[in-house]
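Reading through the structure tokens given below for one structure.
The values are calculated or read from the model by the stated rules, or taken from the named source; none is laboratory data. Note that this is a predicted model, so its numbers are computed, not measured. Here Cβ is always computed from backbone atoms with ideal geometry, including for glycine, and neighbour counts include all displayed protein chains.
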Amino acid sequence: MSIILEVKKLSKHFGGLAAIGQLDLSVIETEILGLIGPNGAGKTTLFNLISGLFPPTSGKVIFDGRDITGLKAHEIAHLGISRTFQASLLFMGIPVLDNVFTGYHMSYKTSVWSRLLRMPSALKEEELLRQRAMEILEFTGLASLKYELAANLAHGHQRILGICMALATNPKLLLLDEPMTGMNIREAQTMIDIIRRIRDRGITIVVIEHNMKTVANLCDRIMVLNYGRKIAEGLFEEIKENKEVIEAYLGKEGT
């Protein structure tokens, strides 16, 4: 098994508060790793550190064999890490297809000037990237909504569109921050199916999720954070029996 991401002794302090403390983590290529823990445990902070939104106070982040600690977010995205956020960050006033197309801004090979002047080479590349954006919509089931404004989409479709935009950056590793927030049972099952099919394409996934049935159904392994430190890691059957996890997150009954 090949490790695609390693976090080594990673820490992040905000003033006197240690949001992440001396954290070690390994993510295996093409797995779905679930990241759980109570509110304030440091889950989103960890995503921010991995994706370059925050610089770590100490420690290292190794991606695909390369030390990416301290790189800027756009540099890390270019290397193959993409993410979604708890709140949908969509361009609400433009159509669904154009939202996905914006995700290809790092993929252009033609120059900015050739695109501004609408040179034939730029137009050809733009058409190719639009075709790829359309393929993503077909893959996720949003193709019939390609001309709909993002603002007019149902909540579940907006969450899927956020993932479509992340896929347009051609990631090797996808960080999903509570992708099923606010979804009903049917929408959540659709999202689970999409995440599985993304993994089947060879993309590694780390997902923050609170619903334990979803975690058990979706994830290959689970890591539990509490107060910025790892308190457990393993299969769901192992995690749910862990006394420290039960006390910190699952409740006294372990459900």
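For VAL224, are the conditions met, namely being among the hydrophobic types (A, V, I, L, M, F, W, C) and in a helix (DSSP H, G or I)? Judged against the criteria, VAL224 is not a match. For the stretch 127-144, the set of residues classified as more than 12 Å from VAL100 (Cα to Cα) and touching a residue at least 24 places away in the same chain (Cβ under 8 Å) consists of PHE139, GLY141, listed by residue number.
Scanning the stretch 14-54 for residues that are of a type outside the set (S, T, N, Q), more than 21 Å from GLU178 (Cα to Cα) and modelled with pLDDT under 95 turns up PHE14, GLY15, GLY16, LEU17, ALA18, GLY21. Does at least one position in the stretch 47-58 carry a residue that is buried (at least 21 other Cβ atoms within 10 Å of the Cβ), aromatic (Phe, Trp, Tyr) and farther than 24 Å from HIS157 by Cα? Scanning the stretch 47-58 turns up no residue that is buried (at least 21 other Cβ atoms within 10 Å of the Cβ), aromatic (Phe, Trp, Tyr) and farther than 24 Å from HIS157 by Cα. In summary, strands (runs of 3 or more DSSP E) completely within the stretch 1-72 and bearing 1 or more residues that are over 17 Å from the mean Cα position of the chain (by Cα) occur at 3-14, 17-28, 58-63.
Out of all the residues in the stretch 127-170, which are under 16 Å from the mean Cα position of the chain (by Cα) and among the acidic types (Asp, Glu)? Scanning the stretch 127-170 gives no hits.
Listed here are the residues, each with its yes/no results for (1) modelled with pLDDT under 90; (2) over 15 Å from the mean Cα position of the chain (by Cα); (3) outside the structural domain of ARG130 (by TED's automatic domain parsing); (4) within 30 Å of ILE68 (Cα to Cα).
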{"position": "PRO179", "(1), (2), (3), (4)": "no, no, yes, yes"}
{"position": "ILE194", "(1), (2), (3), (4)": "no, no, yes, yes"}
{"position": "ARG199", "(1), (2), (3), (4)": "no, no, yes, yes"}
{"position": "CYS219", "(1), (2), (3), (4)": "no, no, yes, yes"}
{"position": "GLY234", "(1), (2), (3), (4)": "no, yes, yes, yes"}
{"position": "LYS240", "(1), (2), (3), (4)": "yes, yes, yes, no"}
{"position": "ALA248", "(1), (2), (3), (4)": "yes, yes, yes, no"}
{"position": "THR255", "(1), (2), (3), (4)": "yes, yes, yes, no"}
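Here THR181 meets the list (1) of a type in the set (Ser, Thr, Tyr); (2) assigned to a helix (DSSP H, G or I); (3) closer than 25 Å to THR45 by Cβ almost entirely, failing just condition (2). Scanning the stretch 73-90 for residues that are in a loop (DSSP other than H, G, I, E, B) and at negative phi yields a total of 7. The residues on offer are THR204, THR140, THR214, and the sole one that is β-branched (Val, Ile, Thr), under 25 Å from THR44 (Cα atoms), crowded, with 19+ Cβ neighbours inside 10 Å and outside the structural domain of LEU5 (by TED's automatic domain parsing) is THR140.
The C-beta contact set for the stretch 177-205 (first residue free of Cβ contacts under 8 Å to residues at least 60 places away in the same chain, second residue small (Gly, Ala, Ser) and part of a helix (DSSP H, G or I), distance under 6 angstrom, 6+ apart or interchain) comprises MET180/ALA188; MET183/GLY156; GLU187/GLY156.
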